[in-house]
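Trainee: Take this structure, written in structure tokens, and hold onto it; I'll ask about it next.
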Ligand SMILES: Nc1ncnc2c1ncn2[C@@H]1O[C@H](COP(=O)(O)OP(=O)(O)OP(=O)(O)O)[C@@H](O)[C@H]1O
Ligand SMILES: [Mg+2]
């Protein structure tokens, strides 16, 4: 196991993916009281603040939505392994930007990787240890991928020799590359292939149509479950059925794919409200500030919803920026006064005034309740 170093990048190589999946979980910094924080030596204070900033920057929440998505994905991936016929199941997560697709998918891939390694070991030949067990292949599309680029990305994940520049010329045909990629998947017993940012395939170009068809083909041919993620996949035409010839055959496969969504949080129904409250509760457990209290974030649930519109990306930005500022200024707590000074992305800011109007009474009540509780503490 490697230590908890900051992680960056797209995890599109086996090494970076392994590092991500096998690293130890971060440990939450100890909760000190304000006098204890003030009493730290300069160097201990610098270290404590740095650890807290890093911790807050990397909070990952298993929201109920993430749990539901993981259950759906597990059904698909596990049943794929039991199927003996040639119809392969696949899933596509189709949701707007910053809904948490990448985060949820990586968590899923990580759990799956660890489970398979626990079941079947790190090597497929334990005696000689020559063939690594690589249960998950993970690539993130970028730019305008061509078929060759797609295969090279898959091969690049496995550090296949063909991606080394001197050998690049030897495999020129797309079908050779496809075969080489299929070999890697089979040789390393890969059971799950994750392709993120599928929307980079702009279906208006011929090449993208070929790449999309190739992906559909791969998903059906390989003995691995494919999970895709992207923005507006339905609208882009990626999930449309082909009409003729080869396209029609592929469409048959594609029709068996399950499309899963992810939504912004809402406060419409009682269930929505409970889910949002539980999310706030998880944040209370995760945030380490010395002047806070157990319900600090839950007590701001409506305010935080009004600020973020229920978008997980905006929510996490608010929390990260808010905690960083609270540590820097010595406030050591999150409240409206501090959070009001944090500016968020345009999406969140532009809807804020409307939400303020809509939740006006609830916001006032929350403020009053907060003041009463503050006085009682
Ligand atoms: N479950 C989660 N816990 C904590 N933070 C999360 C979670 N899901 C998403 N985030 C945060 O929200 C932001 C957007 O998440 P992510 O990149 O996973 O979204 P996405 O749907 O893949 O976006 P895009 O469509 O732009 O690729 C990130 O800053 C991420 O840290
Ligand atoms: Mg993403």
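The values are calculated or read from the model by the stated rules, or taken from the named source; none is laboratory data. Everything numeric in this text was worked out from a predicted model, so none of it was measured. In this analysis, Cβ positions are derived from the backbone assuming ideal geometry, glycine residues included, and neighbour counts consider all displayed protein chains.
Trainee: If you check 77, 66, 46, which single one turns out to be part of a helix (DSSP H, G or I), away from ligand 1 (no atom under 16 Å from the Cβ) and touching a residue at least 12 places away in the same chain (Cβ under 8 Å)?
Mentor: Details: 66 fails: away from ligand 1 (no atom under 16 Å from the Cβ); 46 fails: touching a residue at least 12 places away in the same chain (Cβ under 8 Å).
The match here is 77.
Trainee: Right, something else. Return the residue satisfying two criteria in turn: it lies in segment 81-100 and is in contact with a helix residue (DSSP H, G or I) (Cβ under 9 Å, 6 or more places away or on another chain) and either away from ligand 2 (no atom under 16 Å from the Cβ) or assigned to a helix (DSSP H, G or I) (or both), and of such residues it is modelled with the lowest pLDDT.
Mentor: 86
Trainee: So which residues in segment 287-314 are within 16 Å of ligand 2 (Cβ to nearest atom) and surrounded by 20 or more Cβ atoms within 10 Å (Cβ to Cβ), if there are any at all?
Mentor: Taking segment 287-314 as the starting set, the residues that turn out to be within 16 Å of ligand 2 (Cβ to nearest atom) are 311-314.
Hits for segment 287-314 are 311, 312, 314.
Trainee: Is there a residue in segment 107-114 that is within 16 Å of ligand 1 (Cβ to nearest atom), modelled with pLDDT of 95 or more, buried (at least 21 other Cβ atoms within 10 Å of the Cβ) and in a helix (DSSP H, G or I)? Talk me through it step by step, then tell me what you get.
Mentor: Restricting attention to segment 107-114, the residues satisfying the condition of being within 16 Å of ligand 1 (Cβ to nearest atom) are 107-111.
Going one step further and asking which of them are modelled with pLDDT of 95 or more, we end up with 107-111.
Next cut, buried (at least 21 other Cβ atoms within 10 Å of the Cβ) only: 108-109.
Those left that are additionally in a helix (DSSP H, G or I): 108-109.
Yes, segment 107-114 contains at least one residue that is within 16 Å of ligand 1 (Cβ to nearest atom), modelled with pLDDT of 95 or more, buried (at least 21 other Cβ atoms within 10 Å of the Cβ) and in a helix (DSSP H, G or I).
Trainee: Determine whether residue 78 is in the same structural domain as residue 229 (by TED's automatic domain parsing) and modelled with pLDDT under 95. Walk me through how you get there before you give the answer.
Mentor: Values: in the same structural domain as residue 229 (by TED's automatic domain parsing): yes; modelled with pLDDT under 95: yes.
For residue 78, the condition - in the same structural domain as residue 229 (by TED's automatic domain parsing) and modelled with pLDDT under 95 - is met.
Trainee: On to the next question. Give the residues of segment 191-238 that are within 16 Å of ligand 2 (Cβ to nearest atom), part of a loop (DSSP other than H, G, I, E, B) and surrounded by fewer than 22 Cβ atoms within 10 Å (Cβ to Cβ), sorted by residue number.
Mentor: Let us first name the residues in segment 191-238 that are within 16 Å of ligand 2 (Cβ to nearest atom), namely 194-201, 227-233, 236, 238.
Okay, now just the ones that are also part of a loop (DSSP other than H, G, I, E, B), so 197, 201, 231-232, 238.
Correct list: 197, 231, 232.
Trainee: Are any of the residues in segment 138-149 within 16 Å of ligand 2 (Cβ to nearest atom), under 19 Å from residue 200 (Cβ atoms), within 18 Å of the chain's Cα centre (by Cα) and at pLDDT 95 or above?
Mentor: There is at least one residue in segment 138-149 that is within 16 Å of ligand 2 (Cβ to nearest atom), under 19 Å from residue 200 (Cβ atoms), within 18 Å of the chain's Cα centre (by Cα) and at pLDDT 95 or above.
Trainee: Does residue 36 satisfy being within 16 Å of ligand 1 (Cβ to nearest atom) and either surrounded by 17 or more Cβ atoms within 10 Å (Cβ to Cβ) or not assigned by TED's automatic domain parsing to the domain that holds residue 197 (or both)? I'd like the intermediate steps shown before the answer.
Mentor: Numbers: within 16 Å of ligand 1 (Cβ to nearest atom): no; either surrounded by 17 or more Cβ atoms within 10 Å (Cβ to Cβ) or not assigned by TED's automatic domain parsing to the domain that holds residue 197 (or both): yes.
It is false that residue 36 is within 16 Å of ligand 1 (Cβ to nearest atom) and either surrounded by 17 or more Cβ atoms within 10 Å (Cβ to Cβ) or not assigned by TED's automatic domain parsing to the domain that holds residue 197 (or both).
Trainee: Based on what the data block shows, is residue 278 touching a helix residue (DSSP H, G or I) at 6+ places or on another chain (Cβ under 8 Å) and surrounded by fewer than 16 Cβ atoms within 10 Å (Cβ to Cβ)? First the steps, then the outcome.
Mentor: Working: touching a helix residue (DSSP H, G or I) at 6+ places or on another chain (Cβ under 8 Å): yes; surrounded by fewer than 16 Cβ atoms within 10 Å (Cβ to Cβ): yes.
So residue 278 fits the description; yes.
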